[in-house]
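Report on the following structure.
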Amino acid sequence: MLELIREGLGLEPGYFGEELTGDQLLSINHYPRCPNPSLTLGLPKHADADIMTVLFQGSVNGLQVFKDGQWLGVEPVPHAFVVNIGHQLQIISNGKLRSAEHRAVTNSREARTTIVSFISPCPDTIVEPAKSVIDTGVPRFRPFKFKDFFKFYEEKKRDPEAVLEFYKIKP
Ligand SMILES: O=C(O)CCC(=O)C(=O)O
Ligand SMILES: [Fe+2]
């Protein structure tokens, strides 16, 4: 998929190599049944810090994405994965691709278990808008080491908009 995205963005072959995708983390989330989902979120709103996330959400509803000013449920499709664009892909594409804001709500009838694979740059990789993408314009984000971005991201967990804002180059 990253290879197709690379081609779509007009980036050179091999762009998403080891440095940008070498850090892969598999995480299992378990959301116990919750008698009153309106009182408890499974996972608060955020966008993923990585390049791309591949999520298996099983058969229980819970994932929601923020689109056009409202939260929309992402229906589980049997044997299908949800693919989320992370902040790094937004930055590399100089804003052409957008990281998706999402959250997980709880379910009053069933517990929910999801499997998430995060594809991230290695900690010391310098990330910046790809030169060939900004050919026609100006870079919208300043370069950074991924580990520094991630540290800041962790600190700002409850204010996801502030993360990209911090790395934006103000006109
Ligand atoms: O469990 C889910 O449906 C979402 C998980 C998620 O967004 C995350 O772990 O970053
Ligand atoms: Fe996420």
Percent of C-alpha pairs per 5 Å bin, region 70-146, short to long: 3, 12, 18, 19, 15, 11, 11, 7, 3, 1, 0
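Mean Kyte-Doolittle of at least 0.0 and a Cα length of 27 Å or more along the axis: which whole DSSP H helices of the chain meet both? Working shown, then result.
On the way: long enough: none.
Helix filter hits for the chain: none.
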For the chain, with +1 on Lys and Arg beta carbons and -1 on Asp and Glu, the positive-most of His46, Val116, Val133 along the dipole: His46
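Relative to the Cα centre, what is the charge dipole magnitude of the chain, using +1 at the beta carbon of each Lys and Arg, -1 at the beta carbon of each Asp and Glu, and rounding to the nearest 20 debye? Don't jump to the answer; show the numbers that get you there.
Working: 20 positive and 21 negative charges, 120 e Å.
For the chain, the charge dipole is close to 580 debye.
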Report, in cubic angstrom per residue, the convex hull volume of the C-alpha atoms of region 121-166. 74
Do any chymotrypsin sites (Phe, Trp or Tyr not before Pro) in region 1-97 lie in a DSSP loop with no more than 15 other beta carbon atoms within 10 Å, and if so, which? Phe81
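For the chain, what does -39500 (n - 2.57) per DSSP helix run (n ≥ 4), summed and divided by total residues, give at 222 nm, in deg cm²/dmol to the nearest 500? Numbers along the way, then the final one.
Values: 6 runs with 40 residues, N = 171.
After summing the helix terms and dividing by residue count, I get -5500 deg cm²/dmol.
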Going toward the positive end of the dipole of the chain, with +1 on Lys and Arg Cβ and -1 on Asp and Glu Cβ, which of Pro171, Asn107, Phe150 do you reach last? Asn107
Charges only on Cβ, +1 for Lys and Arg, -1 for Asp and Glu: so what's the dipole of region 54-117 about the Cα centre, in debye to the nearest 20? 100
For all pairs of alpha-carbon atoms in region 13-65, what percent lies in each bin of width 5 Å, listed from the first bin to the last filled one? 4, 12, 22, 21, 14, 11, 8, 4, 3, 1, 0
Express the accessible area of the chain per residue in Å², computed with a 1.4 Å probe while the remaining protein chains stay in the model. 57
Taking protein heavy atoms only, a 1.4 Å probe, and rounding to whole percent, the accessible area of the chain owed to carbon and sulfur comes out at 56
Test item: Cα-centred dipole of region 71-171, Lys/Arg +1 and Asp/Glu -1 on Cβ, debye: 140
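Using 1/(1 + (r/R0)^6) with R0 = 25 angstrom and r between the beta carbons of Ser38 and Arg98, what's the FRET efficiency to the nearest 0.05? Let's see the in-between values first.
Details: r = 28 Å, r/R0 = 1.13.
Between Ser38 and Arg98 the formula returns 0.30.
Could you give the semi-axes, largest first, of the ellipsoid that matches region 2-167, computed as the square roots of 5 times the alpha carbon gyration tensor eigenvalues and rounded to whole Å? Don't skip to the answer; put the middle values down first.
Working: eigenvalues 178, 56, 43 Å².
Listed largest to smallest, the semi-axes of region 2-167 are 30, 17, 15 Å.
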Restrict the search to region 57-147; then list the trypsin sites (Lys or Arg not before Pro) that DSSP places in a loop and that have at most 11 other Cβ atoms within 10 Å of their Cβ. Arg109
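The values are calculated or read from the model by the stated rules, or taken from the named source; none is laboratory data. Just so we're clear, the structure is a prediction, and the values are computed from it rather than from any experiment. Glycine also receives a Cβ, built like all others from the backbone with ideal geometry; neighbour counts cover every protein chain displayed. These area figures cover heavy atoms from the full protein model, side chains too; ligands, DNA and RNA do not enter into them. Shrake-Rupley method; radii C 1.70, N 1.55, O 1.52, S 1.80 Å.
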